[in-house]
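Colleague: Would you mind keeping the following structure in view while I ask a few things?
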Amino acid sequence: MSPRRYVGRHTGGHPHDPNAPKASPPKPPRTASKPVDRRRVKKIALWVGLAACLAFSIAVLIGLVQGFYEMDHPPGGWCQDNSATCVHP
């Protein structure tokens, strides 16, 4: 196969022109706003999600502690027979 007819993977399907200039095409002018960096958005979303999970876990833990406390210290004066803090009148 002749080197001139070879169409490589990185040439975009066109044979390489040895006389073509090596300079890249001119860049368009930049706009005033920066483009959104997807990596930064993903990182922020990750930390927000982790904070939400942590807040939910803490709320569940507080609820469990309050529930176990209420079991040993029932409101209204009634008590269960197997409670360590139950005082019968």
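Each value in this text was obtained by applying a stated rule to the coordinates, not by laboratory testing. Computed from a predicted structure; not experimentally measured. FYI the Cβ positions are ideal-geometry reconstructions off the backbone, even for glycines, and counts take in every protein chain you see.
Colleague: Just to be sure I understand the model, the point goes 7 Å from the Cα along the line to the Cβ. What's the resulting S57 to R38 distance in nm?
Modeller: 2.9 nm
Colleague: Full-extension gain between A45 and K27, please, as 0.36 nm times their residue separation minus the C-alpha to C-alpha distance. Please report the intermediate quantities before stating the final value.
Modeller: Details: separation 18, 0.36 × 18 = 6.48 nm, distance 3.16 nm.
Taking 0.36 nm per residue and subtracting the Cα distance, the gain is 3.3 nm.
Colleague: How much net charge surrounds A45 when only other residues with a Cβ under 15 Å from its Cβ are counted (Lys, Arg +1; Asp, Glu -1)?
Modeller: +4
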